[in-house]
1. Using the Cβ atoms and a cut-off under 11 Å, what net charge is assigned to the surroundings of Thr300, where Lys and Arg are +1 and Asp and Glu are -1?
2. Please give the peptides 462-472, 174-184, 252-262 ranked by average Cβ packing (other Cβ atoms within 10 Å per residue), highest first, as a rough proxy for protection.
3. What does the helix-only formula give at 222 nm for the chain: each DSSP H stretch with n ≥ 4 adding -39500 (n - 2.57), the total divided by the residues, and the result rounded to the nearest 500 deg cm²/dmol?
4. What fraction of the Cα pairs in the stretch 138-229, stated in percent, has a spacing above 21 angstrom?
5. Using a/c under 1.5 as the rounded threshold, could you call the stretch 256-525 rounded, prolate or oblate? The axes a ≥ b ≥ c are square roots of the C-alpha gyration tensor eigenvalues, and prolate needs a/b larger than b/c, oblate otherwise.
6. Could you state the angle between the C-alpha long axis of helix 472-509 and the longest principal axis of the C-alpha atoms of the chain, as a value from 0 to 90 degrees rounded to the nearest 10?
7. Do any of Lys295/Lys455; Lys41/Lys478; Lys263/Lys323; Lys163/Lys455; Lys78/Lys250; Lys250/Lys329 go past 26 Å between their Cα atoms, and which?
8. Check cross-link reach from Lys467 to the aspartates and glutamates: straight Cα distance under 20 Å, and skip same-chain residues fewer than eight apart.
Amino acid sequence: MTNEQLSRKSPWFSYLGLLLGTFTMIEAMAFQIPALPVLTKEFGVPVATAALISLCYYLTATVCGPVFGNIADQIGRKRIAMIGMIIFAISEFMAAFATNYPFFLLARLCQGIGVAAVLPAGLSYASYLFPPNKRGIAVGVYTAVGTFASAMGGFLGGILIAKFGWQSLYIISGVLAVLGIALVHITVPETPTAERKPFDYIGSILLLLTIGTWLSLSVLVANFGWVSPYTLGMLGLAIVFAISFWNVEKRTSHPFMDLSILKNRYFAAPILLYFFIALCSQGSVFTNSYFVTAKPGLGTAYVGIMTGSIYLAGAATSLLSGKLIDSFKIKTVLLIGMGTFIAGTLLYSQYTVDTPFWYIVLTLVFMSGSLLFIAPACMKMSMSAVPSEKLGSGSGTYIMIRDLGSPTGQTTMLAAFGAISASSLATEIAAEAQNSGVSEDMIPAVVEAGKTAGKVIDPTLADHLAKIGVSFQDLYAKANFDGMVIAVNQMSTIIIAIAVAAFIVAVFALPNTNGSPSGLDHRSK
């Protein structure tokens with residue numbers, strides 16, 4: 001019996017390999033939240049620079065998806081999925097055995113490429129393998145697997161790091177990916193190929209360069225300042241790439257991103273609101289991963305519990321929203337979700353050194369749950385404003401901008417958090433040293449040692465601390481956490497300002513109807 005015949009007889013058997021690949025990749029994404037603080041320490045980089053770990057992955061994952069989708073139509077989706085899983089498996093082992101930061105970032109770039117080739121295949125095979133009356137449940141299972149993988153990645157990630165080290169995350173993902181490759185090869189049939197269609201490869205490359213340079217700016221500013229030649233040079237490149245992308249997209253007959261549709265504010269407003277709320281939500285999740293890791297009595301295992309909890313809450317709120325938007329005005333559902341998000345930011349602003357773990361989880365459940373509560377409403381409102389002849393380009397543009405909210409939030413918010421924490425550390429460690437009896441003339445040496453987290457300590461300072469019975473690591477741990485509390489409080493002010501501004505814009509910019517300005521979905525005309 002051929003793969004084709006087997007797939008028609010037992011489509012779920014054929015779908016299994018793709019589901020395993022999906023589970024592995026989404027679980028690996030969730031692994032990063034508890035892993036990031038540990039990786040920052042492992043490679044000895046500032047928090048602001050650690051933002052590149054997320055940026056490198058999302059950069060290739062976001063932009064390469066449409067590219068692989070186009071290629072898959074021409075050479076077959078199974079072949080592209082297999083290539084993607086092979087790239088992903090290799091990249092996971094690369095990350096596990098990385099001995100320096102640049103090589104680890106290269107692995108993250110490759111991980112994004114692999115994910116971009118595989119994840120869309122799961123949805124496309126739902127239509128290919130299953131008859132119309134079974135496709136809904138196939139897509140539902142695919143979504144459920146993704147949600148379960150996110151929750152499990154969060155819960156297990158923290159535990160695995162605490163027990164076996166951060167390398168175990170990537171080794172496990174690599175092994176699961178290899179199993180997925182074997183399953184896909186054995187069980188999944190190849191899809192028919194289509195004739196070659198025009199594709200804007202130049203536009204996709206320019207978008208990759210534009211996003212990469214713009215998001216890198218926050219990292220450069222945090223490390224070198226606004227007037228650094230590195231920052232100014234990157235800003236110049238970002239402007240050049242953005243202008244070039246805009247000009248290419250306006251002139252090509254098959255643009256990578258349909259920019260003209262953004263002129264419709266009923267399409268643009270919901271997606272931009274989601275972008276900024278996602279920016280705030282992801283920024284808070286990743287800054288909290290550092291906060292929980294550094295908090296005395298907690299650690300990476302607790303970050304895993306935190307991550308799993310917020311993904312489960314998000315799954316529940318997105319289902320609730322999906323039901324509500326069919327019964328109530330979309331704008332009403334959106335405003336409820338954004339109001340709940342603001343409530344979460346107010347909880348976030350009350351952090352102190354004594355904030356209990358349950359309060360942290362509750363705060364992030366409010367914020368992340370609210371983000372996923374507004375997601376279906378934003379998508380329905382935006383897509384209902386798109387004419388039927390532009391549904392393809394409209395959905396592609398929506399997904400592209402929506403998915404940029406996460407890396408933008410992680411990169412910019414971590415850069416800001418890292419810069420504030422670093423500046424606060426010097427003040428806090430000096431004060432802690434004075435309170436511990438360190439002599440005044442040794443304070444500058446304490447501050448200097450704090451810049452390297454105690455890896456480099458002046459011998460005179462080491463002798464002085466030994467004589468008075470003070471551990472530098474104890475000084476550093478307390479001062480570092482106190483600095484993070486200051487950073488979280490300042491970050492909460494930024495997040496509240498963005499969330500309130502987005503809420504005000506939503507009140508005045510969104511239509512009161514359940515769709516386009518006329519109150520009718522364009523596709524129903």
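What follows draws every value from the coordinates through simple rules; no lab data is involved. Just so it is clear, the model here is predicted, and its values are computed rather than measured. Counting neighbours? That spans all protein chains shown, and the Cβs are built from the backbone with ideal geometry, glycine included.
1. On the way: positive: Lys41, Lys163; negative: none.
Around Thr300, the charge tally is +2.
2. Numbers: 462-472: 13.7, 174-184: 19.5, 252-262: 15.6.
Highest mean packing first, the order is 174-184, 252-262, 462-472.
3. Working: 17 runs with 422 residues, N = 525.
So the calculated ellipticity at 222 nm is -28500 deg cm²/dmol.
4. Numbers: 2852 of 4186 pairs.
In whole percent, the share of Cα-Cα pairs in the stretch 138-229 beyond 21 Å is 68.
5. Details: a/c = 3.41, a/b = 2.72, b/c = 1.26.
In terms of gyration-tensor shape, prolate.
6. Its long axis makes an angle of about 40 degrees.
7. On the way: Lys295/Lys455 20 Å; Lys41/Lys478 16 Å; Lys263/Lys323 29 Å; Lys163/Lys455 24 Å; Lys78/Lys250 33 Å; Lys250/Lys329 35 Å.
In this structure, Lys263/Lys323; Lys78/Lys250; Lys250/Lys329 lie more than 26 Å apart at Cα.
8. Filter leaves Glu432, Glu440, Asp441, Glu448, Asp458.
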